[in-house]
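So the structure is just underneath, and the comments pick up after that.
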Ligand SMILES: *[C@@H]1O[C@H](CO)[C@@H](O)[C@H](O)[C@H]1NC(C)=O
Ligand SMILES: *[C@@H]1O[C@H](CO)[C@@H](O)[C@H](O)[C@H]1NC(C)=O
């Protein structure tokens with residue numbers, strides 16, 4: 001049964017469109033080092049804390065249809081929500097919420113689904129991107145909108161390569177991603193109580209870019225747009241903190257300027273025409289990067305006219321152009 005499921009998953013992953021979701025918040029892997037060294041081994045793991053409302057737990061096919069959340073598909077997510085509406089703060093029996101102390105190490109597990117390597121899987125030659133966490137800053141605060149998934153709400157340091165710590169078995173030119181993990185330490189400044197988090201896979205390319213001195217190990221990656229999310233809570237116990245927030249640094253440096261600063265201060269070319277420059281909020285709302293310049297356009301039927309815009313009015317990165325849409329600046 002195990003083998004069959006694994007091959008079914010690799011088959012589906014190869015053909016299905018790209019997606020991932022968080023499977024477990026607190027994973028105990030009893031043979032991690034051994035399996036990492038010898039990926040032929042079966043990974044021995046149990047889940048001690050789950051994401052929200054994980055009703056189809058363990059049913060990969062059902063979850064890939066009814067549990068994951070495609071952030072940027074406007075027809076599925078017209079209200080721009082950060083969490084799938086069924087991912088409410090509910091934990092049915094058998095799939096409990098995570099309980100943790102500040103400073104505790106957690107091993108989060110998400111699905112690789114064929115996207116763990118640049119040189120294998122599908123699509124080929126695409127960077128696996130990063131997984132990262134967001135938090136509203138205090139207990140009981142809900143992140144509701146995807147526009148709130150910003151550097152300001154990023155849990156500082158909680159960002160890792162999508163395939164960091166993964167156990168991947170390679171056979172010829174095929175990979176079997178047995179488990180993708182994201183190792184993270186619960187911040188020490190979270191007070192006791194329930195804290196809501198959003199796990200996001202930053203996989204699409206964003207209109208913003210990283211500065212030349214960008215350090216992938218410590219800095220928020222502004223070049224990647226979040227594509228998929230899963231929401232979860234942690235019940236913090238044993239903390240002595242009293243309501244400070246999870247973002248240790250609130251002062252923003254030039255290196256981390258979010259897209260909003262582009263919207264308010266940069267120049268763009270109206271309608272993509274060199275003869276029509278404008279600056280910041282005097283410009284139409286839909287901005288597109290074009291090399292080191294920007295082009296900007298008005299809404300068409302209430303939406304940005306091409307995929308991949310940064311919508312300055314809504315402060316939202318929109319989905320990348322599909323191959324059927326016109327990609328205006330390539
Ligand atoms: C958005 O979701 C709908 C419904 O599942 C699907 O038919 C459509 O292809 C998706 N659009 C994109 C751009 O992925
Ligand atoms: C993730 O790791 C792979 C393999 O080391 C690398 O090619 C890729 O550039 C990394 N991606 C990011 C966003 O750091």
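The values are calculated or read from the model by the stated rules, or taken from the named source; none is laboratory data. Values in this document were obtained by computation on a predicted structure and should not be read as measured data. Note: ideal-geometry Cβ built from the backbone for every residue, glycine included; neighbour counts use all protein chains shown.
Of the residues making up region 64-80, those that are more than 12 Å from ligand 1 (Cβ to nearest atom) and surrounded by fewer than 19 Cβ atoms within 10 Å (Cβ to Cβ) are 79, 80. Here region 103-119 is the region considered, the condition is being more than 17 Å from residue 204 (Cα to Cα) and surrounded by fewer than 17 Cβ atoms within 10 Å (Cβ to Cβ), and the residue that is farthest from ligand 2 (Cβ to nearest atom) is 103.
Within region 49-62, at least one residue is modelled with pLDDT under 95, surrounded by fewer than 12 Cβ atoms within 10 Å (Cβ to Cβ), away from ligand 1 (no atom under 16 Å from the Cβ) and over 30 Å from residue 318 (Cβ atoms).
Matching residues to (1) in contact with a helix residue (DSSP H, G or I) (Cβ under 9 Å, 6 or more places away or on another chain); (2) over 18 Å from residue 133 (Cα atoms):
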site	(1), (2)
82	yes, no
86	yes, yes
101	no, no
111	yes, no
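Return the residues of region 169-180 that are within 14 Å of ligand 2 (Cβ to nearest atom) and modelled with pLDDT of 95 or more; say none if nothing qualifies. Hit for region 169-180 is 180, nothing else. Each residue in region 241-258 was checked for being under 26 Å from residue 218 (Cβ atoms) and at pLDDT 60 or above, and 2 of them qualify. In region 102-125, the residues that are in the same structural domain as residue 200 (by TED's automatic domain parsing) and without any contact (Cβ under 8 Å) to a residue 60 or more places away in the chain reach residues that are in a loop (DSSP other than H, G, I, E, B) and away from ligand 2 (no atom under 16 Å from the Cβ) with C-beta atoms within less than 8 angstrom, at least six apart or across chains, in these pairs: 120/173. The set of residues in region 174-229 that are within 28 Å of residue 80 (Cβ to Cβ), part of a strand (DSSP E or B), touching a residue at least 60 places away in the same chain (Cβ under 8 Å) and away from ligand 1 (no atom under 16 Å from the Cβ) comprises 180, 182, 184, 194, 195, 196, 197, 198, 199, 200, 202, 224.
Condition check ((1) away from ligand 1 (no atom under 16 Å from the Cβ); (2) under 20 Å from residue 237 (Cα atoms); (3) more than 20 Å from the chain's Cα centre (by Cα)) across all residues:
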position	(1), (2), (3)
91	yes, yes, yes
106	yes, yes, no
128	yes, no, no
134	yes, yes, no
140	yes, yes, yes
143	yes, no, no
152	yes, no, no
161	yes, no, no
172	yes, no, yes
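From the set of residues in region 128-137 that are in a loop (DSSP other than H, G, I, E, B) and touching a strand residue (DSSP E or B) at 6+ places or on another chain (Cβ under 8 Å), which is surrounded by the fewest Cβ atoms within 10 Å (Cβ to Cβ)? So, considering only residues that are in a loop (DSSP other than H, G, I, E, B) and touching a strand residue (DSSP E or B) at 6+ places or on another chain (Cβ under 8 Å), the one surrounded by the fewest Cβ atoms within 10 Å (Cβ to Cβ) is 136.
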